[in-house]
Amino acid sequence: MDKPRPDCAVFGIWGLPEASTLTYLGLYALQHRGQEAAGIVSSDGRKLFRHAGRGLVSDVFRDRRTFESLPGMSAIGHNRYSTTGSSTEVNVQPLLVIDRTGPIAIAHNGNLVNFRGLRSFLEEEGSIFRTSSDSELILQLFARSYGSNLAGRLIEAVKMIEGAYSLTILTRNQLVAIRDPFGFRPLCLGRKADGFVVASESCAFDLLGASYIRDVEPGEMLIIDEKGLHSSRFADSNRRAYCIFEFVYFSRPDSRVFGDNVDKTRRRLGHLLAEGHPVDGADFVISVPDSSNTAALGYAHRGGLDFEIGLIRNHYVGRTFIEPEQPMRDFGVKLKFNAVAGVLRDKRVVLVDDSIVRGTTLKKLVGLIRRAGAKEVHVRISSPPIQNPCYYGMDFPTKDELAASRKTIEQIEDFIQADSLEYLTPGELLSAVPHDNGQEYCTACFTGDYPIPVDDDERT
Ligand code: SF4
């Protein structure tokens, strides 16, 4: 799919029997945030235990007996896409090391923007790195810190790093959750019976029967141990920078992030798209399933149009498949989507998608819809044109590969062969997301306004 890829999911649990099995379920609910690798580290109060590998959560934890090797009442977990660091086995998280005070494991969602400079500095000082991931840097800084307790040492380490980081950390007897002062990535706290749960998105709580308490605040560190929950602030910033793309595409619609339900906000995007970018004489609205379903529903409701299922997505396409030797036009997209000719024939269709990256998939989908007999295809995008890459943990192609960085909207319309193409404006997008609690957003991929400056050598 021609979409930016979310980087990772983190999870943590404290004070509950079968913590590793519950972590598995949490990671299962967060699978959409990372599908290259998964891992769990658990603690029985004396030792840490780790199992991790490449593949989907269900591949890595295929054998029920795996959980017998992950004992204890606390655990952290991670689903991974690689942003900084390649997708090799050694980079799979949680990372587990032994420090002078004992074992410590870390799971990281986000991307550090001063990684290369700091890593070179530490290497010159004699540090040896085992992975190419920026998350190991946090452990290296922790190992060099002088503080007298876990909290002091972690604060010393995270004060050195810049960028996006939502972290879960596990020692023998403490679970830690940390969110960067800008709050780029979501991280929320929940409760189940006498235990605590921390997750990238609240949809993980629902599967576990845990209840949502609140978001971990930007610049906040939570430490959970046998005495309970301790909160401290380690830094403040003069602005917040919640990733607005979480509402557009990354987060699941059944999650609550940045103080609002994703479903509600995504519907508002559809409403604004219908109000500001209507299509005269359209017969109905269809979505690019599944990520655009909610915005398309919002468009249909506000535009007074029916919502139809015009594209069917095959959910069973594996990550590898054999391409036919005789090249078939649009093979990849046909494997994933089919158009419903009985719905589309002779109709004027509004096709809602959440974003355009290169435009290559959308061009093929418009072609499929036309070949199924649609008379007109009008494309409406529930976000502004993406003109800039993300350096805060989302996997985008380079600026040159982004359709909107080198083409006008008319040229993109031409390229995807739509009858018309319109996007939400940055102002419309910002008006749809919650602001009632002082929320501020990163919109850099749309506007070029990067909340934390990124040096050239960190732009990869
Ligand atoms: Fe999110 Fe875009 Fe900002 Fe990256 S650049 S954090 S994807 S809004």
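The values are calculated or read from the model by the stated rules, or taken from the named source; none is laboratory data. Only a predicted model underlies this, so the values are computations on that prediction, with no experimental measurement involved. Glycine also receives a Cβ, built like all others from the backbone with ideal geometry; neighbour counts cover every protein chain displayed. For accessibility, only protein heavy atoms count, side chains too; no ligands or nucleic acids. Shrake-Rupley method; radii C 1.70, N 1.55, O 1.52, S 1.80 Å.
Net length available on complete extension from GLN387 to ARG239 is 51.0 nm, with 0.36 nm assigned per residue and the Cα-Cα distance removed.
Residues in the stretch 415-425 carry Karplus couplings, in order, of 4, 7, 6, 8, 6, 7, 9, 9, 10, 5, 8 Hz; the curve used is 6.51 cos²θ - 1.76 cosθ + 1.60 with θ = phi - 60°, and Gly or Pro positions show x. Charge dipole (Cα centre; +1 on Lys/Arg Cβ, -1 on Asp/Glu Cβ; no other charges) of the chain amounts to roughly 920 debye.
For the chain, the solvent-accessible area of protein heavy atoms averages 41 Å² per residue (probe radius 1.4 Å; ligands and nucleic acids excluded). Here the stretch 186-299 is treated as a Stokes sphere of Kirkwood radius computed over C-alpha pairs; at 10 °C and 1.306 mPa s its diffusion coefficient rounds to 98 µm²/s.
Here the accessible area of the stretch 1-132 is 51 percent carbon and sulfur, with a 1.4 angstrom probe and all protein chains present. How far, in degrees from 0 to 90, does helix 293-303 lean away from the longest principal axis of the Cα atoms of the chain, to the nearest 10? Result, in degrees: 50. Geometric descriptor of the stretch 334-400, per residue, is 104 Å³ (volume of the convex hull of the Cα atoms). Residues within the reach of a label modelled at ASP254 (point 7 angstrom out along Cα to beta-carbon, backbone nitrogen below 13 Å), restricted to the stretch 1-26, are 26.
Rg then Dmax, both in Å and based on the Cα atoms of the chain: 22.6, 73. Each peptide in 31-44, 122-135 gets a packing score, the mean of other Cβ atoms within 10 Å over its residues, and the list from highest to lowest is 31-44, 122-135. Which entries of LYS375/LYS407; LYS264/LYS364; LYS336/LYS363; LYS159/LYS399; LYS364/LYS407 have Cα-Cα distances beyond 20 Å here? Beyond 20 Å: LYS375/LYS407; LYS264/LYS364; LYS159/LYS399. Estimated from helices alone, the mean residue ellipticity of the chain at 222 nm is -7000 deg cm²/dmol (sum of -39500 (n - 2.57) over DSSP H runs with n ≥ 4, per residue). In order along the stretch 36-52, the Karplus-derived 3J(HN,Hα) couplings, from 6.51 cos²θ - 1.76 cosθ + 1.60 at θ = phi - 60°, round to 8, 7, 8, x, 9, 10, 10, 10, 9, x, 10, 9, 9, 10, 10, 9, 7 Hz, and Gly and Pro are given as x. What separates the Cα centres of the stretch 112-142 and the stretch 372-437 is a distance of 36 Å. Placing unit charges on the Cβ atoms of the charged side chains and taking the dipole of the chain about its Cα centre, the candidate lying farthest along the positive direction among SER405, THR66, VAL113 is THR66. With Cα atoms as the point set, the radius of gyration and Dmax of the stretch 94-151 evaluate to 11.4, 29 Å. When you work out D = kT/(6 pi eta Rh) for the stretch 8-238 at 10 °C and 1.306 mPa s, using the Kirkwood radius from C-alpha pairs as Rh and the Stokes-Einstein form, the result is 93 µm²/s. With θ taken as phi - 60° and the Karplus curve 6.51 cos²θ - 1.76 cosθ + 1.60 applied, the whole-hertz 3J(HN,Hα) list for the stretch 175-192 is 10, 10, 10, 9, 10, 5, x, 7, x, 3, 9, x, 6, 10, 10, x, 10, 9 Hz, x standing for glycine and proline. Here the stretch 15-59 is treated as a Stokes sphere of Kirkwood radius computed over C-alpha pairs; at 25 °C and 0.890 mPa s its diffusion coefficient rounds to 220 µm²/s.
Close amide H pairs (under 5 Å, H built 1.01 Å from N) link GLY163 with VAL113, residues at least 5 positions away or on another chain. Proximity of backbone amide H atoms, modeled 1.01 Å from N, is registered between PHE337 and ASN314 at under 5 Å, excluding neighbours fewer than 5 places apart on the same chain.
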